[in-house]
There are 2 protein chains.
Amino acid sequence: MKKTNTLIVFLTLSSLLSASLMDDAKKAGLKPIPTDKKELNKLIDNPKNPLNDAKVRLGKRLYFEPRLSKSNLISCNTCHNLAIGGVDGVEVAVGHKWTTNPHHLNSPTVFNAVFMDKQFWDGRAKDLEEQAQGPMQAKPEMAISKKMAVERISSMPTYKKEFKKAFGDEKITFKRIADAIGAFERTLVTPSRFDKFLAGDKKALSKAEKEGLKTFISKGCSSCHNGVGLGGSMQKFPIAKPYKYSSIGDFKGDKKGRVKTPTLRNILKTAPYFHNGAVWDIKEAVKIMGETQLGTKLTDKEVDSIVTFFKALNGKIPTITYPKLPAVTLKTPKPDIK
Amino acid sequence: MKKTNTLIVFLTLSSLLSASLMDDAKKAGLKPIPTDKKELNKLIDNPKNPLNDAKVRLGKRLYFEPRLSKSNLISCNTCHNLAIGGVDGVEVAVGHKWTTNPHHLNSPTVFNAVFMDKQFWDGRAKDLEEQAQGPMQAKPEMAISKKMAVERISSMPTYKKEFKKAFGDEKITFKRIADAIGAFERTLVTPSRFDKFLAGDKKALSKAEKEGLKTFISKGCSSCHNGVGLGGSMQKFPIAKPYKYSSIGDFKGDKKGRVKTPTLRNILKTAPYFHNGAVWDIKEAVKIMGETQLGTKLTDKEVDSIVTFFKALNGKIPTITYPKLPAVTLKTPKPDIK
């Protein structure tokens, strides 16, 4: 009987502690990806570019469409590769003619990007649709003109039907190309065990992960890494101390010196870290964040604990059927690799 | 009654003609992709690298694996993109550091490559497994060393399990990496209406396509474009007249001046044409082939007819689930984009 009583007391305590941790997490602004489909759809939808199945399908095709680059060789998926965490796994983005990003910027993940307040490291795009227009045209990325992008897609007859299904008529415009890509990207969300926990499943996180979450909140990480995206707001960077690798590249954030907080979802799968991809070791990254942003020297134990919590943020990557894109026609503008 | 009789006579005649065309096609050495799974498996299997589901699955992952390139940016799928006919849609292959193929060679399609007698334009690899070792190591392609390829893959723990399932033990070698890729590539076959026709379905081809097939055979195209692959043998090139675009690149074939005959399967989806990718218009390509290889000046009508037949060679592209690849670890050798 004694043993049973002790067990009951232990379980009740542990349950209460979990419940209080859940509350703490919610108070810290951490929010789950909704499990309810309608609720999720409402959250990820853009009233100016309403989601529909045909648009998402078309957007997927265009996301993988290399003919949307001047060279025919680069697609959105080149730098935001859905096979490897929605990133490219290199420090600095590489595009047309093997040009590296002029500010030495790292490609952020497209997974859960819909939950970011703004897009691009300096937050200059208000949403995914606006963002998608950038890399297509950027000389060091896909290097295509709006005109050529439209000509390329328009030259392949099956696309006309798909635009009609997605937008109501056959008209192919650069904005619609980006809108379809944006619509697809809105669906790239990765629910994780952490979401289950926030939704009330106390067993979704291991004891060590709960400890990590506690440290994460108590140390102040969640003051920037919060919301559904565990990131996504514009924040001054660095705050407390200079950034150790600030000499790599010349990026200094937006006009106010603010940088978009990266999402922590799938963070263990999206190395290297920071806007300039300077750090490969997540533990080093956490340590640096403690110093530059929180003015705290985190102990190794604290860092380990926080990183253990990150395991719970590994989400379920959506299953993607690789598209079968149409063949070029004689009307299709030729690729230019120069 | 009269009308019915005429119809019967017409149908019988048409049926007889189709039957005779089928015979002619078979006599010309044209062979179908077997519909029977066992028969197909026997045809595509390599006794030295026997197919099994786990190996094909692993091979698919490695086919899409950018960490198999020095830069982390290039996979087999970059130049043999399964979304666009198994090719890259550019005249000349582009690889590491945006280097173009030094001989200005065009990337041939990976679809149905299993049916080729040899691999590479000069036929220097005996099979797909041997071929796969080439581009990974080639400086203008993926530019990785055998050692680094093995280190990269070995550093990601889930691969070990997959190698065990595929090969019986966890050992990861460069040969096994290429063997798994080769196994996957062996499954990339695209049965078409032409195969149905050869298998006895007289209605699988339209009247115009049958006419085209007749022209294709009578003009001698099938003297090189034959077998299951409608191509794949090493042939002297050019034979009858100089190749119009021979000044593009310096490729002159193997030691005997022979070039691998490209497959005609999905040929309408794999522009540009020829080893140096000089021609985008399939009609021009057919005309040139008539002159250089057959010493025949094909009329526009004959060219049109042959190209109409090619429609029947558009095959069913296998449906591919885009892989979810493992994350790098701290042990994974870093990418080098230089």
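The values are calculated or read from the model by the stated rules, or taken from the named source; none is laboratory data. Only a predicted model underlies this, so the values are computations on that prediction, with no experimental measurement involved. So basically every Cβ, Gly included, is an ideal-geometry build from the backbone, and we count neighbours across all protein chains shown.
Remark: pairs (first residue in the stretch B:312-328, farther than 24 Å from B:R265 by Cα and more than 8 Å from chain A (Cβ to nearest Cβ); second residue crowded, with 18+ Cβ neighbours inside 10 Å and modelled with pLDDT of 95 or more; Cβ separation under 7 Å; 6+ apart in sequence or on different chains) = B:P326/B:M156; B:P326/B:Y159. Within the set B:I181, B:I172, the sole residue that is over 30 Å from B:P32 (Cα atoms) and of a type in the set (V, I, T) turns out to be B:I172. Scanning the stretch B:123-137 for residues that are in contact (Cβ under 8 Å) with a residue 24 or more places away in the chain and either surrounded by fewer than 21 Cβ atoms within 10 Å (Cβ to Cβ) or not in a helix (DSSP H, G or I) (or both) yields B:G123, B:R124, B:D127, B:E130, B:Q133. Condition first: within 28 Å of the chain's Cα centre (by Cα) and either within 28 Å of B:L43 (Cα to Cα) or at pLDDT below 95 (or both). Can you find one or more residues in the stretch B:145-162 that meet it? Yes, the stretch B:145-162 contains at least one residue that is within 28 Å of the chain's Cα centre (by Cα) and either within 28 Å of B:L43 (Cα to Cα) or at pLDDT below 95 (or both). Among (1) surrounded by fewer than 18 Cβ atoms within 10 Å (Cβ to Cβ); (2) outside any loop (DSSP other than H, G, I, E, B); (3) touching a residue at least 60 places away in the same chain (Cβ under 8 Å), where does A:K331 come up short? Just one mismatch for A:K331, condition (2).
Only residues that are acidic (D, E) and either closer than 22 Å to A:S223 by Cβ or free of Cβ contacts under 8 Å to residues at least 60 places away in the same chain (or both): list them for the stretch A:245-285, please.
A:D254, A:D281, A:E284 - these are the residues of the stretch A:245-285 that are acidic (D, E) and either closer than 22 Å to A:S223 by Cβ or free of Cβ contacts under 8 Å to residues at least 60 places away in the same chain (or both).
Whenever a residue of the stretch A:28-44 is among the aliphatic types (A, V, I, L, M), its partners that are assigned to a helix (DSSP H, G or I), lying with C-beta atoms within less than 7 angstrom and at least six residues away or across chains, give the pairs A:A28/A:I217; A:A28/A:S222; A:L30/A:L198; A:L30/A:S222; A:I33/A:L40; A:I33/A:D195; A:I44/A:V114; A:I44/A:R186.
Given the condition touching a residue at least 60 places away in the same chain (Cβ under 8 Å) and more than 26 Å from A:P108 (Cα to Cα), answer yes or no: does some residue in the stretch A:166-184 qualify? Yes - at least one qualifying residue is present in the stretch A:166-184. Here the condition is being buried (at least 19 other Cβ atoms within 10 Å of the Cβ), modelled with pLDDT of 95 or more and within 28 Å of A:K31 (Cβ to Cβ); of A:G249, A:G212, it holds for A:G212 alone. When A:L51, A:L105 are screened for being more than 13 Å from chain B (Cβ to nearest Cβ) and in contact with a Phe, Trp or Tyr (Cβ under 8 Å, 6 or more places away or on another chain), only A:L105 passes.
For the stretch B:57-101, filtered to residues that are of a type in the set (G, A, S) and at the interface with another protein chain (Cβ under 8 Å from one of its Cβ atoms), the residue that is nearest to B:P140 (Cα to Cα) is B:S71. Given the conditions (1) within 30 Å of B:P323 (Cα to Cα); (2) in contact with a Phe, Trp or Tyr (Cβ under 7 Å, 6 or more places away or on another chain); (3) of a type in the set (G, A, S), which single one is not true for B:A178? Tallying (1) within 30 Å of B:P323 (Cα to Cα); (2) in contact with a Phe, Trp or Tyr (Cβ under 7 Å, 6 or more places away or on another chain); (3) of a type in the set (G, A, S), B:A178 fails exactly one: (2).
Checking each residue in the stretch B:260-306 for being crowded, with 17+ Cβ neighbours inside 10 Å, among the charged types (D, E, K, R) and not in a helix (DSSP H, G or I) picks out B:K260, B:R265. When restricted to residues that are buried (at least 17 other Cβ atoms within 10 Å of the Cβ) and outside any loop (DSSP other than H, G, I, E, B), the stretch A:138-157 contains 6. Of all residues in the stretch B:82-128, those that are over 27 Å from B:L30 (Cβ atoms) and touching an Asp or Glu at 6+ places or on another chain (Cβ under 6 Å) total 2. Counting only helices (runs of 4 or more DSSP H) that fall entirely inside the stretch A:158-231 and contain at least 2 residues that are of a type in the set (V, I, T) and not assigned by TED's automatic domain parsing to the domain that holds A:L58, the qualifying elements are A:207-218.
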